[in-house]
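Contents: one structure, followed by commentary.
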Ligand SMILES: C[S@@+](CC[C@H](N)C(=O)[O-])C[C@H]1O[C@@H](n2cnc3c(N)ncnc32)[C@H](O)[C@@H]1O
């Protein structure tokens, strides 16, 4: 078994705690470090949008934090591997590149927090993969700017490769703070990292 395929500390922890993927600990670390679920959504709790949610670890973790308050909307082109019975949870199946889906997600908003772990399936062709990844990142960022409530925050996955500085500069035009952050649970050999932005303003 290659080192990459071997279950590591985070994979075993996820299994023990009932999460379908180890990626849950990346979100937990980011949210706890930046205090992003303390965002008020009024007395009813925050509204959260999870983009690229399947198999569902991030969604499950968020629902466990919300404890019945607030709401969670999730979207993915694939089915979730979880089926939470929470009345405050809604799943949309489809692509965020599709305008009808974007409208559905706008109509279900606004959101106090948008999180995205979305990643395109890879073809092995570097140019194709890079262009698909850039298209998805731009779509996530554009959608977040359309659906966030004032004061809201965004966490989004990107792949390191020269675009990070430009994306952070764009985010700084709309958010009070924006920076890159690589959680410890990211595999050391992975090119993925996250952008974290807070203090969304419609007028910035
Ligand atoms: C790394 S997985 C997400 C893992 C998830 N955060 C979890 O903890 O279970 C990336 C997901 O992005 C989804 N995705 C890719 N392109 C998408 C698109 N255009 N619209 C919606 N979801 C997309 C994939 O189907 C995949 O399920």
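The values are calculated or read from the model by the stated rules, or taken from the named source; none is laboratory data. What you see is a predicted model; the values in this text were computed from it and never measured. Glycine also receives a Cβ, built like all others from the backbone with ideal geometry; neighbour counts cover every protein chain displayed.
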Exactly one condition in (1) out of contact with any helix residue (DSSP H, G or I) (no Cβ under 8 Å at 6 or more places or on another chain); (2) under 30 Å from residue 71 (Cβ atoms) is false for residue 118; which is it?
(1)
For segment 63-80, how many residues meet the condition of being farther than 15 Å from residue 140 by Cα and either more than 12 Å from the ligand (Cβ to nearest atom) or out of contact with any helix residue (DSSP H, G or I) (no Cβ under 8 Å at 6 or more places or on another chain) (or both)?
12
When residues of segment 81-95 are limited to those that are in contact with a strand residue (DSSP E or B) (Cβ under 6 Å, 6 or more places away or on another chain) and within 13 Å of the ligand (Cβ to nearest atom), the one farthest from residue 136 (Cα to Cα):
91
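Restrict the check to segment 179-187 and report whether at least one residue is within 26 Å of residue 69 (Cα to Cα), modelled with pLDDT of 95 or more and touching a strand residue (DSSP E or B) at 6+ places or on another chain (Cβ under 9 Å).
Here is the first cut: in segment 179-187, the residues within 26 Å of residue 69 (Cα to Cα) are none.
No: segment 179-187 contains no residue that is within 26 Å of residue 69 (Cα to Cα), modelled with pLDDT of 95 or more and touching a strand residue (DSSP E or B) at 6+ places or on another chain (Cβ under 9 Å).
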Test: residue in segment 156-168 that is at pLDDT 95 or above, more than 25 Å from residue 74 (Cβ to Cβ) and over 12 Å from the mean Cα position of the chain (by Cα):
yes
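Please work out which residue is nearest to the ligand (Cβ to nearest atom), limiting yourself to segment 10-20 and to residues that are crowded, with 19+ Cβ neighbours inside 10 Å and under 13 Å from residue 82 (Cβ atoms). Reasoning before the result, please.
Keep residues of segment 10-20 that are crowded, with 19+ Cβ neighbours inside 10 Å, which gives 10, 14, 19.
Filter once more, so that each one left must be under 13 Å from residue 82 (Cβ atoms): 14, 19.
On the way: 14: 9, 19: 7 Å.
Step by step, filter segment 10-20, then rank; the result is 19.
Out of all the residues in segment 160-186, which are buried (at least 19 other Cβ atoms within 10 Å of the Cβ), touching a residue at least 24 places away in the same chain (Cβ under 8 Å) and in a strand (DSSP E or B)?
Restricting attention to segment 160-186, the residues satisfying the condition of being buried (at least 19 other Cβ atoms within 10 Å of the Cβ) are 167, 171, 174-175, 178, 185-186.
Still in the running and touching a residue at least 24 places away in the same chain (Cβ under 8 Å): 167, 171, 174-175, 185-186.
Correct list: 175 only.
Is it fair to say residue 51 is within 12 Å of the ligand (Cβ to nearest atom) and more than 21 Å from residue 100 (Cβ to Cβ)?
Numbers: within 12 Å of the ligand (Cβ to nearest atom): yes; more than 21 Å from residue 100 (Cβ to Cβ): no.
For residue 51, the condition - within 12 Å of the ligand (Cβ to nearest atom) and more than 21 Å from residue 100 (Cβ to Cβ) - is not met.
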